[in-house]
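See structure below.
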């Protein structure tokens, strides 16, 4: 199994969001209060994709999702095929969308629904793990397609200007994301040999933090 790790913004429940790695590296001022989520971001970037790390206080209430895959929403595709687990409505009008990207759009929407059932939103996500299979006939997993889909739901608000950043879908021109969200979790993405359901290319699990009370 190949493993590639790419680090994603969580948000502080109380306290401030860190923008550099110095405090984390040296330990100064990094220890979170009991009800604080503290996120470290890469230095010098106004729109990083992921955090370098997240610290949670001992009294932070945490929700851990199961690994979620895509739903079979394309009845015109053959049974067991990767295309079956896409939603044509999500990619309507876009060109050059890969099957991994299309599946990831469905998975992240399923994550959103899963979180909402637990009283949370995508903005509350602090860590993420993504498992990718390589599409048939391709040498490696489609990391680029996954990252495009990810930006449709995460890390698409500029931290300096606070403006929503247009993102591409496939080879189409960038436009407003499906969900505007400044959260950038600490994230790992890895290629795996197989997933539980035939045809799945993507499976994702997240950890989210409840707001302090």
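Please arrange 164, 37, 125 by counting, for each residue, the other beta carbons lying within 10 Å of its beta carbon, fewest first. Numbers along the way, then the final one.
Numbers: 164 14, 37 26, 125 30.
Final ranking by Cβ density, sparse to dense: 164, 37, 125.
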Once both label points are put 7 Å beyond Cα along the C-beta direction, the residue 59-residue 211 separation in nm becomes 1.8 nm
Label model pair residue 171, residue 31: point-to-point distance (7 angstrom along the Cα→beta-carbon line) in nm is 5.5 nm
Per the rule of 0.36 nm per residue minus the C-alpha distance, extending residue 194 to residue 180 adds in nm 1.9 nm
One checks the Cα atoms of the chain and finds Rg and Dmax, in Å, of 17.3, 57
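Could you line up 146, 31, 200 from fewest to most neighbouring Cβ atoms inside 10 Å? Intermediate values should be presented prior to the final figure.
Numbers: 146 24, 31 11, 200 20.
Least crowded to most crowded, the residues run 31, 200, 146.
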For residue 71 and residue 160, extending 7 Å from Cα along the Cα-Cβ vector and measuring point to point gives, in nm, a value of 4.0 nm
Fewest-first ordering of 213, 151 by Cβ atoms within 10 Å yields 213, 151
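Based on DSSP, what percent of beta bridges with both residues in the chain are antiparallel, to the nearest 5? Display every interim value, and only then the final one.
Details: 19 of 26 bridges.
Here the share of antiparallel DSSP bridges comes out near 75 percent.
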What helix-only [θ] at 222 nm does the chain give? Using -39500 (n - 2.57) per DSSP H run of at least 4, over all residues, to the nearest 500, the answer is -5000 deg cm²/dmol
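Here, each number is a calculation from the coordinates, and none is a lab measurement. What you see is a predicted model, and the numbers here were worked out from it, not measured in a lab. No Cβ is skipped: glycine too gets one built from the backbone with ideal geometry, and neighbour counts run over all protein chains shown.
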